[in-house]
Amino acid sequence: MTDWTIRSLPRPALITTALALALVVGLQIGSQTQQAPAGLNSLQSLTQIGADHPWFELLESSPSGELQPLSDAQTGQVALTYRDLDGHWCRQFSVQSPGEGSAMAAVACREAGRWRIGLAQSVPVRQQSDGYFRAASAGAVAIDSHIMESIAGDVLMPADEKEMIDLGWQ
C-alpha cells in the first residue's frame, strides 16, 4: 500500500498540484471581479476627489507652498504642479493630522472636474520651528519616482500656477 501524504508525493506532483490550485483560485477571483464591479467602484471612489471632498479646495485653488487648514484635525499643502504625459494637470500634495501624528504625501491629477489620486504614501511628520507640523518630504521616494515617470515638461512656476488656478485648470 502506498502512503500518499503531502510528504510522500513526488516533487513534480506537488508542483502540478500547486499550479492547478493557483489556476482554480485565479479563475475564481477573475469571475467574481467580472460579476461584482461594485468592489472596483468602491475602490475608485476612494481615489476620486470631487467638490464634496475636504481636499478638493486644497487641490483646486491653493498655491504651492501654502499650508491650508482642511478641518479641525488636518492641514494640507501643495508642493508642486505639473502636466502629465496624458495632458492632465497634476499636483503633489501632503495632508497632515498632527493630533494623530500621521501624514501622507500624494499625487493627484485633474480629470473631468475631479482630482484622481494616482499614488499616495505615508510620510513622517515633523514639527517645524514655527510650531506647525508638516509632512517630511524626505522618504517620499515613490512619489518622486512617480512624478519623474509621468511629468511632461517642467513644474509650473508660481505665476503660471496662479494663472491655471484662476482659469479653473482650463
In segment 50-89, what residues are touching a Ser or Thr at 6+ places or on another chain (Cβ under 7 Å), of a type outside the set (S, T, N, Q) and in contact (Cβ under 8 Å) with a residue 40 or more places away in the chain?
L67, A79, L80, D84, L85, W89
Which one of these does S102 not meet: (1) under 16 Å from S122 (Cβ atoms); (2) touching a Cys at 6+ places or on another chain (Cβ under 8 Å); (3) of a type in the set (S, T, Y)?
(2)
Count - residues of segment 99-109 that are open to solvent by 40 Å² or more (accessible area, probe 1.4 Å) and either outside any strand (DSSP E or B) or under 18 Å from G87 (Cβ atoms) (or both):
3
For segment 39-54, check the following and say yes or no: at least one residue is farther than 28 Å from I151 by Cβ, at pLDDT 90 or above and either open to solvent by less than 40 Å² (accessible area, probe 1.4 Å) or part of a strand (DSSP E or B) (or both).
no
Modelled with pLDDT under 95, among the β-branched types (V, I, T) and either open to solvent by less than 50 Å² (accessible area, probe 1.4 Å) or touching a Lys or Arg at 6+ places or on another chain (Cβ under 9 Å) (or both) - does that describe any residue in segment 121-142?
yes
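Looking at T81, is it hydroxyl-bearing (S, T, Y) and at pLDDT 95 or above?
Details: hydroxyl-bearing (S, T, Y): yes; at pLDDT 95 or above: yes.
Answer is yes for this residue.
The values are calculated or read from the model by the stated rules, or taken from the named source; none is laboratory data. Quick caveat: nothing in here was measured; it's all calculated off a predicted structure. Backbone-built Cβ (ideal geometry, glycine too); neighbour counts: all protein chains shown. Note: areas computed on protein heavy atoms with side chains; ligands, DNA, RNA excluded. Shrake-Rupley method; radii C 1.70, N 1.55, O 1.52, S 1.80 Å.
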